[in-house]
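Asker: One structure coming up, written as structure tokens, with questions to follow.
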Amino acid sequence: MAKILIPTPLRQFAEKNDSVELAGSTVAEVMTALTAKFPDLRKQLFNDEGKMRSFVNVYLNDEDIRYLKKDATPVAAADTLSIVPSIAGGSPSIAGGR
Amino acid sequence: MATIAAPLELNKDEILRYSRHLILPEVGMDGQKKLKNAKVLMVGAGGLGAPLGLYLAASGIGRIGIVDFDVVDFTNLQRQVIHGTKDVGKKKLDSAAESMMDINPYLQVDKFDTAITSENALDIIRDYDMVVDGTDNFPTRYLINDACVLLKKPNVYGSIFRFEGQATIYAYPGGPCYRCSYPEPPPPGLVPSCAEGGVLGILPGMIGMMQATEAVKLILGIGEPLVGRLVLYDALAMRFREMKVRRDPECPVCGDHPSIHALIDYHQFCGVPKPQEGQPMEGEKMSGFMSDTEIDVIALRARLDKGDKFQFIDVREPNEYQIASIPGAKLIPLNDVPKRISELDPNTEVIVHCKMGGRSAKACDFLRASGFKNVKNMLGGITAWSDKVDPSVPKY
């Protein structure tokens, strides 16, 4: 079971969990297990073609999976996957919608 | 105004002022002179800009430019410690400059009373050695990134959300840029603003201090700069983590074969409307307005007074409902709308409100897509209600 850390902006789509442990031998398998567990996360993380959205990075431990084997990156039980979205905040944001 | 000492030499008062730096071998007289000759541009004098401005001024940096067009309000004071209660209503630019000059009269502050835009960014940034990014929205983040890459100026980056922050240095020679990390912004509305989502007041202090530390290290040329490493800070867990960030050879702006050679329209890139300076916010532009899809607070009040029948829904969170609510509105938080939709009748009119009108607009879209025939968004949210209908309702 690998650990997946869920960042604050996405916790509302994951029943407020900050982390979950899920089975899977590759990043793709773990992410599939994650969105199966929390279907609301799917459209936040993936576009209509099923590709990971580009404002979200997934790290295996401290390495960006884009520089490993992307979705096919092997995941071991002791690994931690982090979902790291871009955030912009400071003050009221025009990007946030009034 | 400050007396600017001749470049490169410190006078007796400055030697006394910076003595704790001067006796540090890693800074010393040479380092302090580097600081004095440094020119740093701070974009935004808000949550991140507050600690940045105060500490960078104190450190002895000779020239700091500030870009900000906002005015201090009461909701800023919980975190923007460069401004005081007496500054409410003042331009942040003036309030911040005053605080910084009070700390260090040897500082030269350059004030830019404007939003940073694709038209002015290169001209403003060009004169400085580096940028510290204390802005709060995606279009400006991408704009500053691209401008820094084009001008080859390091961008000391920090951002915050609720209890979490990120910091790194982008656009450092050979290092990654913001687009290498995040080629595209999130779809508008996915990530709520601090006004909608809230932010722990101390959080920007922590992240701004990381930026200030990195700016000073870059100027002094000491230590290991935060290049190629993204620090993630979680205040609730009190945990710092570090992720590797790499330069992407395919990056459209800093890659080996860049396709972007000039600044673009960043609002369009981020899919958000361009802010129109001086224009009233939605909901303020009319009074007693109602259409098939929208209603303003004055018209709503009139209908409530007449005893009109409709379903009135508040899609904010329970903690917000505790702060303030409009009588007669039923609380169904936005994320609960799909699973509680059976509580609503699709054939009678629904009017939806939130804090400022953003979340309620999303709820309206969802209800219409679910077959509701008559759905209206209350413009301006409970904030407009407090402004124009019932001032006893607290604003937050």
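Asker: In this structure, does residue B:61 turn out to be in a helix (DSSP H, G or I), in contact with a strand residue (DSSP E or B) (Cβ under 6 Å, 6 or more places away or on another chain), touching a residue at least 60 places away in the same chain (Cβ under 8 Å) and assigned by TED's automatic domain parsing to the domain that holds residue B:260?
Answerer: So residue B:61 fails the test.
Asker: Turning to a different aspect of this structure: Residue B:229 - would you say it is surrounded by fewer than 24 Cβ atoms within 10 Å (Cβ to Cβ), within 11 Å of chain A (Cβ to nearest Cβ) and in contact with a helix residue (DSSP H, G or I) (Cβ under 6 Å, 6 or more places away or on another chain)?
Answerer: Here the answer is no, as residue B:229 does not meet what is asked.
Asker: With respect to residue B:179, is the statement that it is more than 24 Å from residue B:317 (Cα to Cα), within 12 Å of chain A (Cβ to nearest Cβ) and not hydroxyl-bearing (Ser, Thr, Tyr) true?
Answerer: Yes: the conditions hold for residue B:179.
Asker: Another question, if that's okay. If we scan the stretch A:70-82, do we find a residue that is more than 7 Å from every other protein chain (Cβ to nearest Cβ), more than 22 Å from residue A:15 (Cβ to Cβ) and modelled with pLDDT under 90?
Answerer: There is no residue in the stretch A:70-82 that is more than 7 Å from every other protein chain (Cβ to nearest Cβ), more than 22 Å from residue A:15 (Cβ to Cβ) and modelled with pLDDT under 90.
Asker: Of everything in the stretch B:153-170 that's under 27 Å from residue A:51 (Cβ atoms) and not charged (D, E, K, R), which residue is modelled with the lowest pLDDT?
Answerer: For the stretch B:153-170, the residue satisfying everything is B:161.
Asker: Of the residues B:109, B:81, which single one is assigned to a strand (DSSP E or B) and among the hydrophobic types (A, V, I, L, M, F, W, C)?
Answerer: Unique residue meeting the criteria: B:109.
Asker: Can you give me the ranges of the helices (runs of 4 or more DSSP H) entirely in the stretch A:1-66 with at least 1 residues that are modelled with pLDDT under 90?
Answerer: Helices (runs of 4 or more DSSP H) meeting the threshold: A:8-11, A:39-45.
Asker: Got a sec? Which helices (runs of 4 or more DSSP H) wholly within the stretch B:297-396 have at least 1 residues that are of a type outside the set (A, V, I, L, M, F, W, C) and closer than 26 Å to residue B:76 by Cβ?
Answerer: B:318-323, B:358-369, B:381-388
Asker: Kindly indicate the residue of the stretch B:356-387 that is basic (Lys, Arg) and within 12 Å of another protein chain (Cβ to nearest Cβ) and also farthest from residue B:325 (Cα to Cα) among those meeting that condition.
Answerer: Among them, the one singled out is B:362.
Here's the yes/no breakdown for (1) free of Cβ contacts under 8 Å to residues at least 60 places away in the same chain; (2) under 29 Å from the mean Cα position of the chain (by Cα); (3) crowded, with 17+ Cβ neighbours inside 10 Å; (4) not assigned by TED's automatic domain parsing to the domain that holds residue B:188:
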site	(1), (2), (3), (4)
B:321	yes, yes, no, yes
B:344	yes, no, yes, yes
B:350	yes, no, yes, yes
B:369	yes, no, no, yes
B:375	no, no, yes, yes
B:381	no, yes, yes, yes
B:384	no, yes, yes, yes
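Asker: Inside the stretch B:154-189, can you point out the residues that are in contact (Cβ under 8 Å) with a residue 12 or more places away in the chain and of a type in the set (Ser, Thr, Tyr)?
Answerer: B:157, B:159, B:168, B:170, B:172, B:178, B:181
Asker: Need the failing condition index for residue A:9 against (1) farther than 30 Å from residue B:73 by Cβ; (2) within 14 Å of another protein chain (Cβ to nearest Cβ), just the number.
Answerer: Here residue A:9 meets the rest and fails (1).
The values are calculated or read from the model by the stated rules, or taken from the named source; none is laboratory data. As the structure is a prediction and not an experimental result, all values here were calculated from the model. Note that we place each Cβ from the backbone using ideal geometry, even for glycine, and neighbour counts take in every protein chain shown.
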